[in-house]
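The values are calculated or read from the model by the stated rules, or taken from the named source; none is laboratory data. Just so we're clear, the structure is a prediction, and the values are computed from it rather than from any experiment. Here the Cβ positions follow ideal geometry from the backbone for every residue, glycine too, while neighbour counts run over all protein chains shown.
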Amino acid sequence: MAPPVRETFVELGGKRVPVRLYRNTRARRIILRINDRNGNGDGVSVTLPRRTPLREGLDLIHEKAAWVLERLGGLPPRVAFADGARVPLGGVDHTIRHVLDGRGVVRRQGNEILVAGGPEHLARRLRDWLRKEARSQIGRLVGDKAAALGRTAGRITIRDTRSRWGSCSADGNLSFCWRLVMAPETVLDYVVAHEVAHLAEPHHGPKFWRLVKTLTPDMEASREWLRRNGEALHRYG
């Protein structure tokens, strides 16, 4: 095999993963492989067609982060929604506390999330509360940003998607992953800005990215945070 055209690293779920990028004039698509020396995965190899930008190869690694980390043995342990567990909210760690009062009420108190009611229902109640929080925050941001563009958003749907953080349909309906409520507020703001910008610009051209920058305070840093840490949000619950 010819030497790599570039060697670098990517951050996936808090793990620094070595990457080697190769060119192959006969390749018709990007090929992603786990390097396997002595039976131990030690990084990722990406083979690119002749004219495919290197950035597309790196983007594919981030899109397949769960697959890569699983095969490298680097997936962080899952964190169940249970009494005493720590989960992020707005990018800040909070401790889950089961309390006996309140008959199923979930509330935030300082850096704790208090979940009342029977312990067997704690995980479901907390998940429902997080979805509700996500819907509230996202709904407000969508309204503000759409108004700034002089546009009207369609239906807003909150899901537990893994392939993308948000989407905008051709008829203006928006969909978001509820796990964004666990990310820093600037990251949530960016994802909403990205999808709202599609109400005016359907394609990811220069005009689209200029529009996103007018709607959110720190686009580049938020994109980088998602690249480095987004996959880890899926280990909660």
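When each of Val106, Val17, Val87, Val46 is tested for being within 18 Å of Leu126 (Cβ to Cβ), surrounded by 14 or more Cβ atoms within 10 Å (Cβ to Cβ) and either acidic (Asp, Glu) or without any contact (Cβ under 8 Å) to a residue 60 or more places away in the chain (or both), the lone residue that passes is Val106. Considering region 62-114 alone, what residues qualify as being farther than 22 Å from Gly14 by Cβ, out of contact with any helix residue (DSSP H, G or I) (no Cβ under 6 Å at 6 or more places or on another chain), of a type in the set (Val, Ile, Thr) and not in a loop (DSSP other than H, G, I, E, B)? Matches in region 62-114: Val99, Ile113. Residues of region 21-44 include none that is under 23 Å from Gly230 (Cα atoms), at pLDDT 90 or above and of a type outside the set (A, V, I, L, M). In the set Ala80, Ala66, only one residue is surrounded by 12 or more Cβ atoms within 10 Å (Cβ to Cβ) and farther than 21 Å from Asn35 by Cα; that residue is Ala80.
Residues to consider are Ala200, Ala193; find the one that is assigned to a loop (DSSP other than H, G, I, E, B), touching a helix residue (DSSP H, G or I) at 6+ places or on another chain (Cβ under 9 Å) and of a type in the set (Gly, Ala, Ser). If you could, list the steps in order and put the result at the bottom.
Numbers: Ala193 fails: assigned to a loop (DSSP other than H, G, I, E, B).
Residue meeting the stated conditions: Ala200.
Taken together, the residues in region 207-237 that are within 14 Å of the chain's Cα centre (by Cα), of a type in the set (Asp, Glu) and closer than 13 Å to Tyr190 by Cβ amount to 1.
Residue-wise test of (1) part of a helix (DSSP H, G or I); (2) under 14 Å from the mean Cα position of the chain (by Cα); (3) assigned by TED's automatic domain parsing to the domain that holds Arg127.
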{"residue": "Ala148", "(1), (2), (3)": "yes, no, yes"}
{"residue": "Thr161", "(1), (2), (3)": "no, yes, yes"}
{"residue": "Ser167", "(1), (2), (3)": "no, yes, yes"}
{"residue": "Leu180", "(1), (2), (3)": "yes, yes, yes"}
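Would you confirm whether or not region 125-142 contains a residue that is of a type in the set (Asp, Glu) and over 21 Å from the mean Cα position of the chain (by Cα)? Give the steps one after another, and end with the answer.
Pass one, region 125-142, residues of a type in the set (Asp, Glu): 128, 133.
Going one step further and asking which of them are over 21 Å from the mean Cα position of the chain (by Cα), we end up with none.
Within region 125-142, not a single residue is of a type in the set (Asp, Glu) and over 21 Å from the mean Cα position of the chain (by Cα).
Scanning region 128-164 for residues that are of a type in the set (Gly, Ala, Ser), surrounded by 14 or more Cβ atoms within 10 Å (Cβ to Cβ) and closer than 12 Å to Leu215 by Cβ yields one hit, Ala146. Checked against (1) in contact (Cβ under 8 Å) with a residue 24 or more places away in the chain; (2) in contact with a Gly (Cβ under 6 Å, 6 or more places away or on another chain), Gly154 meets all criteria but (1).
Scanning region 196-213 for residues that are surrounded by 13 or more Cβ atoms within 10 Å (Cβ to Cβ) and free of Cβ contacts under 8 Å to residues at least 60 places away in the same chain yields Val196, Ala197, His198, Leu199, Ala200, Glu201, Phe208, Trp209, Val212, Lys213.
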